[in-house]
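Step one of this worksheet: look at the structure below.
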Amino acid sequence: MGRIRRSTAALFVRLMDELGYQRFAVVGHDRGALVAFRLGLDFPAAISQIAVLDVIPQGDLWPALSGVGTVFAAHLPFLAQPPDLPERMIAADPDLFFGHFLDSWQSPPGQLTADVRAAYLAACRKPETIAAICADYRAGAFIDPGHDQADAGAGRRLRMPVLAGWQDPGEQVLPFGPAKIWASWATNLSTVTYQCGHFIAEQQPVALCADLCRLLEKDG
């Protein structure tokens with residue numbers, strides 16, 4: 001099934017402890033933000049501040065997907081299919097598959113430089129990378145939501161300062177409200193919408209850096 005967010009978070013805490021850090025801030029984008037979310041829930045004493053970018057918890061995501069909005073999230077159930085159907089289909093033309101998302105998830109288009117785009121594609125051509133991506137999405141569909149729902153039911157929340165940021169969806173109507181969802185999880189929440197596509201760090205680095213600096217100034 002692949003490494004779930006809970007075990008990945010535990011590895012991060014062990015790594016940081018070995019590096020001499022018992023308490024630290026964490027910033028995550030998309031799948032990495034799901035690890036940041038799990039770090040905050042499972043290891044609150046170790047996490048001072050959290051930034052989660054362009055994602056919502058898996059326990060909230062799957063119930064929210066319905067109607068025409070699911071067209072824009074078609075990769076989620078596809079990548080979660082049992083092995084090795086998605087792996088073989090992607091491997092037939094990985095540049096076409098991953099290039100579609102690299103190009104269509106930019107707003108405005110063409111903002112990722114050619115060398116950055118090439119680096120993404122080079123990494124994603126590797127069979128082991130494709131397998132790891134599919135395993136991650138399977139865990140996100142079949143394991144992580146259960147952990148999220150159990151924590152929600154137990155009243156577990158993020159008590160440290162949290163910044164939740166996401167892209168401007170433009171004319172697309174999201175099937176969920178990111179601010180409302182993150183407010184249900186974080187008691188000390190700031191939110192921001194970035195005028196760009198999915199790749200916030202690449203497309204809005206100055207604005208993101210300023211927001212992260214403000215987050216790190218907050219008492220965790």
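The values are calculated or read from the model by the stated rules, or taken from the named source; none is laboratory data. Quick caveat, the model's predicted, so the values are computed rather than measured. Cβ coordinates were reconstructed from backbone atoms using ideal geometry, including for glycine residues, and neighbour counts include every protein chain displayed. Accessible surface areas use protein heavy atoms only, side chains included; no ligands, DNA or RNA. Shrake-Rupley method; radii C 1.70, N 1.55, O 1.52, S 1.80 Å.
From SER190, SER184, which residue is over 21 Å from GLY69 (Cβ atoms), modelled with pLDDT of 95 or more and among the hydroxyl-bearing types (Ser, Thr, Tyr)?
Among SER190, SER184, only SER190 is over 21 Å from GLY69 (Cβ atoms), modelled with pLDDT of 95 or more and among the hydroxyl-bearing types (Ser, Thr, Tyr).
Any idea how many residues of the range 168-181 are modelled with pLDDT under 85, within 18 Å of ALA74 (Cα to Cα) and not β-branched (Val, Ile, Thr)?
Residues in the range 168-181 being modelled with pLDDT under 85, within 18 Å of ALA74 (Cα to Cα) and not β-branched (Val, Ile, Thr): 4 in total.
Are there any pairs with C-beta distances below 7 angstrom linking a residue in the range 142-161 that is among the hydrophobic types (A, V, I, L, M, F, W, C) to a residue that is modelled with pLDDT under 95 and in a loop (DSSP other than H, G, I, E, B), with the two at least 6 apart or on different chains, and if so which?
Short answer, once both residue conditions are applied: PHE142/MET1; ILE143/MET1; ILE143/ILE4; MET160/GLY220.
Could you check the range 94-116 and list, in sequence order, the residues that are part of a loop (DSSP other than H, G, I, E, B) and loosely packed, with under 12 Cβ neighbours inside 10 Å?
Answer for the range 94-116, where residues must be part of a loop (DSSP other than H, G, I, E, B) and loosely packed, with under 12 Cβ neighbours inside 10 Å: PRO108, PRO109, GLY110, THR113.
Taking the condition of being in contact with a Lys or Arg (Cβ under 9 Å, 6 or more places away or on another chain) and free of Cβ contacts under 8 Å to residues at least 24 places away in the same chain, how many residues in the range 23-70 meet it?
Result for the range 23-70: 1.
Yes/no per residue for (1) open to solvent by 40 Å² or more (accessible area, probe 1.4 Å); (2) assigned to a strand (DSSP E or B); (3) in contact with a helix residue (DSSP H, G or I) (Cβ under 9 Å, 6 or more places away or on another chain):
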position	(1), (2), (3)
ALA10	no, no, yes
VAL13	no, no, yes
GLY20	yes, no, no
ALA33	no, no, no
ALA45	yes, no, no
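So, of the residues in the range 1-27 that are in contact with a Leu (Cβ under 7 Å, 6 or more places away or on another chain) and not β-branched (Val, Ile, Thr), which turns out to be nearest to LEU215 (Cα to Cα)?
Among those that are in contact with a Leu (Cβ under 7 Å, 6 or more places away or on another chain) and not β-branched (Val, Ile, Thr), it is ALA25.
If you scan the range 171-195, which residues turn out to be among the β-branched types (Val, Ile, Thr) and part of a strand (DSSP E or B)?
THR191, VAL192, THR193
Those residues that are over 27 Å from LEU85 (Cβ atoms) and either in contact with a His (Cβ under 8 Å, 6 or more places away or on another chain) or open to solvent by less than 50 Å² (accessible area, probe 1.4 Å) (or both), I need them from the range 117-135; list them, please.
Across the range 117-135, there are no qualifying residues.
Would you please name the residue that is surrounded by the fewest Cβ atoms within 10 Å (Cβ to Cβ), looking only at residues in the range 166-180 that are out of contact with any Ser or Thr (no Cβ under 7 Å at 6 or more places or on another chain) and charged (D, E, K, R)?
GLU171
Is there a residue being out of contact with any Lys or Arg (no Cβ under 8 Å at 6 or more places or on another chain), open to solvent by 40 Å² or more (accessible area, probe 1.4 Å) and more than 23 Å from PRO63 (Cα to Cα) anywhere in the range 152-162?
yes
Would you check if ALA141 is more than 25 Å from VAL68 (Cα to Cα), small (Gly, Ala, Ser), surrounded by 15 or more Cβ atoms within 10 Å (Cβ to Cβ) and modelled with pLDDT of 95 or more?
No, not satisfied.
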